[in-house]
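The structure appears right after this line, and notes come after that.
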Ligand code: ADP
Ligand code: MG
C-alpha cells in the first residue's frame, strides 16, 4: 500500500463514516437477504455439475412421488420428472430472465431519462410523452398485450417485462438529471469546452449511477415475479423449457392430489424475491446519500443524556441559569469528538453573558446542549448539569422540556433563512409559535404577532405579517426570528451568532434592538459571537471559549482592558480598528486542536508564544483571579 492510500484509508477510518458495504451489512435484514440470495445463486451456478437427473427425463412409472422419495429428494411431477432438478434449472432460467430484463430496462430507461433531462425542451417533450403513453396502461396488461403480439415464449416475455419497466428508470433518472443540468459543476464543464456527450458521460452519469443502481435493486425482484406470472399463464417459458412460473403453473392442477408439485416452486419464488427485495432495500439505504448522512439513524427529539447528567439540582443554584461542568461529545464510529469539555458558568437575571471563541470552539454545541438540541446520534451529553430555577433541564421530562423550549427559554439561530419555514407567511409562523404555548384563538394570536413585528421595528407590520420569508431582506428576517423568540416572553434568550450573516450596519441595528428588547422585558441574554467588538457593545460579562473549555471569564470592561489569557489577548488584537494607523491586522497562527484528539495540558499551548514545558504536562485549571474574574493560564496573575 502506498503512503497516499494508507493515509486515505486512515482518513476514512478517522472520519468514522462507514463505506457502503459496511453500511449494508450493518442492516441485518439486508445481510440476511444477501446470504440467502448468495446461497441460491451459488446453488444454481453449480447445478450443471451436480449429480442430478435430467430435468426433462420423464418416467411414467415414477409419477407424483412424494417428497423425500428414494432418488428424488423433492419427489416427482405428473410426468415423473425429478422436481429438485427441475426447480434448480427453473430457478436458473427465472434469475437469468429477471436480471437480463432488468439490465435491458435500466439501459434503455436511463438513456431516455438522461437525454430527456439533459436536453429538456422538445427532446424532453417527445421522449417523456412516449413514456407517459407506456404508463397510461396498467403494466401487467401491457405486458400481456406485448406478448400477445409477439407470441408466447420466454424471450418475448423478457422483452415485454423489460419494456413495461422502462418508464420507472426513465422517470427516476430524468428527475435527477433535471436538478443536475444547471448545477455549477456542469456549467464549469461546459466552460472548459467539453461537448454534450462528454458532459453527459463524465459529469452527469456518475451522479445518477447510484439512482440507477437503486432502481435496479428494487425492481429486479418485481421483474422475476412478473416473468414468473407470464409463464404461469402459459405465455412465457414453453415446454420442455421451464422456469419457476411455468413449473408452478403446471403444478396448480395437482394442488389437491400432490400439493408439493405447486408448493415447492411457490416457496422458492417467495424466498428468491424476498431475499432480493431485502437486499435491494439495503442497497438503497446504503447508497442514498441522504440516508447515509444519518436520516436512517432517526435523530431523537432531544439529545441523549447519560444518567449521571440527569441528577436533580441540589442546594441553591447561582443566577437564573447555571451550567456546571458540561460535557458534550459526538460518538462517531470508534472516535469520540469532545466538543464541550466542562464549561461552568451562570447567568444572572437580566444579565447579558457573552460567549466568545473562534469557529469550532464549541460555542454552538454548548448552547444547543442547554435545550437538548444537539442531534443524537451522534451527540451525547456525558456529564454535567444545566440548572434553571433549581431544576436540572438535562433530567426533566420531554413534556417539561417542550414547555421550556420556545417558552421561558428561547433561541435565536444564526441563519434566519434556514430557520424560518419557506412555505408559511411570517405571521403564521409567529402565530404557531404562540399557540404552541398559549390557548390563544387564531385572531388573537395574529394581532399579537403584528404587535411583535412592530416591537422589532418592522414598518407596516400588519401588511408585512402576510409575506413569506424569501420576500424579506436578511435583516428583516432576523428581526422576525427575534420576534419569534420573544413571542412567549422568555426569561432567557440564547442567541447563537444572530448577526454573523448580516452586514455591519444591519448588525448594529439588530444588536441595539436586541439589547433594548431584553431590557424592556427584563430577560437574560446569552450571546454567542466570535467578535469582541460585539461583546463590548452589549454584554455585561464575557466567557472566552477554546476547544470546548472556558479559558477566561470576567466583566467585559475588565477583560477588554486587561485580558489575562493569551488567547483572549489574541482575540482582542484581531478586532479591526478603523482608527489604527498602520493597517496590518494580527491573526492567531495555527488552528484549534482536533476535538477527537485533544492535548493533555493547555489546549492553546501549540499556538501560544509564552508556552513552556509545564503548560503541556498536565491540565491547567481555571483559577480565580479576583472574585469576578477567572483564567486558565499559569501566567494569568501577571496581568493583575
Ligand atoms: P462553534 O464554536 O463554531 O459554534 P461548534 O460548537 O459548532 O463550534 O462545534 C464544536 C466542535 O464540535 C467542532 O469541532 C465541530 O467539528 C464539532 N461538531 C459539531 N457538530 C458536530 C456533529 N454533528 N458531529 C460531529 N462533530 C460535530
Ligand atoms: Mg457556531
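The values are calculated or read from the model by the stated rules, or taken from the named source; none is laboratory data. Keep in mind it's a predicted model, so treat the numbers as computed, not measured. Don't worry about glycine lacking a Cβ; one is built from the backbone with ideal geometry, like all the others, and counts go over all protein chains shown.
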Test result for residue 389, away from ligand 2 (no atom under 16 Å from the Cβ), free of Cβ contacts under 8 Å to residues at least 12 places away in the same chain and outside the structural domain of residue 529 (by TED's automatic domain parsing): no
Any hit, the stretch 342-350, residues being closer than 19 Å to residue 539 by Cα and within 16 Å of ligand 2 (Cβ to nearest atom): yes
Scope the stretch 346-405; condition within 16 Å of ligand 1 (Cβ to nearest atom), assigned to a strand (DSSP E or B) and more than 16 Å from residue 306 (Cβ to Cβ); matching residues: 353, 354, 355, 356
Looking only at the stretch 455-500, and only at residues there that are surrounded by fewer than 20 Cβ atoms within 10 Å (Cβ to Cβ) and under 27 Å from the mean Cα position of the chain (by Cα), the one that is farthest from residue 422 (Cα to Cα): 500
Filtered residues of the stretch 408-430 (kept if surrounded by 14 or more Cβ atoms within 10 Å (Cβ to Cβ) and assigned to a loop (DSSP other than H, G, I, E, B)): 408, 413, 414, 415, 420, 424, 425
Pairs, first over 17 Å from residue 495 (Cβ atoms) and not assigned by TED's automatic domain parsing to the domain that holds residue 588 in the stretch 354-376, second near ligand 1 (Cβ under 6 Å from one of its atoms) and outside any loop (DSSP other than H, G, I, E, B), C-beta under 8 Å, six or more apart: 374/365
Scan of the stretch 436-466 for residues that are without any contact (Cβ under 8 Å) to a residue 12 or more places away in the chain and part of a loop (DSSP other than H, G, I, E, B), ordered by number: 439, 440, 441, 459, 460
Conditions (1) part of a helix (DSSP H, G or I); (2) under 20 Å from residue 323 (Cβ atoms): number failed by residue 433: (2)
Test: residue in the stretch 67-80 that is buried (at least 22 other Cβ atoms within 10 Å of the Cβ) and in contact with a helix residue (DSSP H, G or I) (Cβ under 9 Å, 6 or more places away or on another chain): yes
Residue identified as in the same structural domain as residue 454 (by TED's automatic domain parsing) and modelled with pLDDT under 85 among 508, 483, 487: 508
Residue that is farthest from ligand 1 (Cβ to nearest atom), among those in the stretch 489-510 that are at negative phi and touching a strand residue (DSSP E or B) at 6+ places or on another chain (Cβ under 7 Å): 491
